[in-house]
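Enquirer: If you scroll down you'll find the structure; I have some questions about it.
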Amino acid sequence: MVCKEKGGPMTKSQAKENHENRENHGADETVDVRWHAHAVSRDERERAAGHRGCVLWFTGLSGCGKSTLANLVDHRLHGRGVRSFVLDGDNVRLGLNAAPALLRERHGDEFAKRFGLGFAAQDREENIRRIGAVAELFAQAGIVTLTAFISPYRRDRDAVRAMLAPGDFIEIHVRAPLEVCESRDPKGLYKKARAGEIKGFTGIDDPYEEPLAAELVVDSAATPAEQLADQVIAWLEQAGKIPRR
């Protein structure tokens, strides 16, 4: 923090007020953070790996099959020697983007309220911002990063796209009608949302904004997941992200 005082020494009351302002208004801090160039370049990492780094962003309603498809693609990439990793919505919310209830016991109530993420609109925005930043680092490392998040708001997905280098963000809309997703309901969330036990649930009382120009749209209601994985692999080959077989 850079803070300059003018007009002579502060009184005790002024010092107390200044201290409180610093604690309550962290956004006003002057931060000197600079990007450090890596000793090993992205190009060198990609040449060593034999493929390009990128982010496959699987988006769609709860129950549409995002995680299933992402993990199938990951398994196939791994079998071909491609460096890949899945960032799954539930897994990330157990650590990096944990809810306040998960943080409270270890870190206390104040910490949990400040850094924990729920499912309100701003929390969802921050959830996607954080995972987008992590995915961008993975892509720089030459890793094919697969993310499986509902990510319901178009502006949040577009913000991640803008964060990455051109061509790195590959939006994959896993499309399935609400009634199909609701009939699957693997975690019983739709049932709870219909009963009013969950508020702000995507597709029920909160919107899902479909991509307007996704790189790839797959229909998980009409096509088996294994065939959808073939479509994703074929797209990656055609785009030059991974070598053809």
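Enquirer: When the residues of region 58-97 are filtered to those that are of a type in the set (K, R) and in contact (Cβ under 8 Å) with a residue 60 or more places away in the chain, which remaining residue is nearest to A135 (Cα to Cα)?
Expert: It comes out as R83.
Enquirer: Ok, one more. Take D109 and tell me if it is of a type in the set (D, E, K, R), surrounded by fewer than 18 Cβ atoms within 10 Å (Cβ to Cβ), without any contact (Cβ under 8 Å) to a residue 24 or more places away in the chain and within 14 Å of F58 (Cβ to Cβ).
Expert: No, not satisfied.
Enquirer: Additional query: With respect to the numbered conditions (1) outside any strand (DSSP E or B); (2) in contact with a Lys or Arg (Cβ under 8 Å, 6 or more places away or on another chain), which one is the sole condition not fulfilled by E171?
Expert: Going through (1) outside any strand (DSSP E or B); (2) in contact with a Lys or Arg (Cβ under 8 Å, 6 or more places away or on another chain) one by one, E171 breaks only (1).
Enquirer: Another question, if that's okay. Which members of region 105-138 meet the condition of being within 30 Å of G167 (Cβ to Cβ) and either among the β-branched types (V, I, T) or not in a helix (DSSP H, G or I) (or both)?
Expert: L117, I128, I131, V134
Enquirer: On to the next question. With respect to A193, determine if the residue is more than 29 Å from R47 (Cα to Cα) and part of a helix (DSSP H, G or I).
Expert: When the stated conditions are applied, A193 passes them.
Enquirer: In addition: Identify, please: which residue in region 84-98 is open to solvent by 30 Å² or more (accessible area, probe 1.4 Å) and in a loop (DSSP other than H, G, I, E, B) and is, among those, nearest to G142 (Cα to Cα)?
Expert: L96
The values are calculated or read from the model by the stated rules, or taken from the named source; none is laboratory data. The model shown is predicted, which means the values in this text are computed figures rather than measured ones. As a convention, Cβ positions derive from the backbone with ideal geometry for all residues, glycine included, and neighbour counts pool all protein chains shown. Protein only, heavy atoms only, side chains kept; ligands, DNA and RNA dropped before computing areas. Shrake-Rupley method; radii C 1.70, N 1.55, O 1.52, S 1.80 Å.
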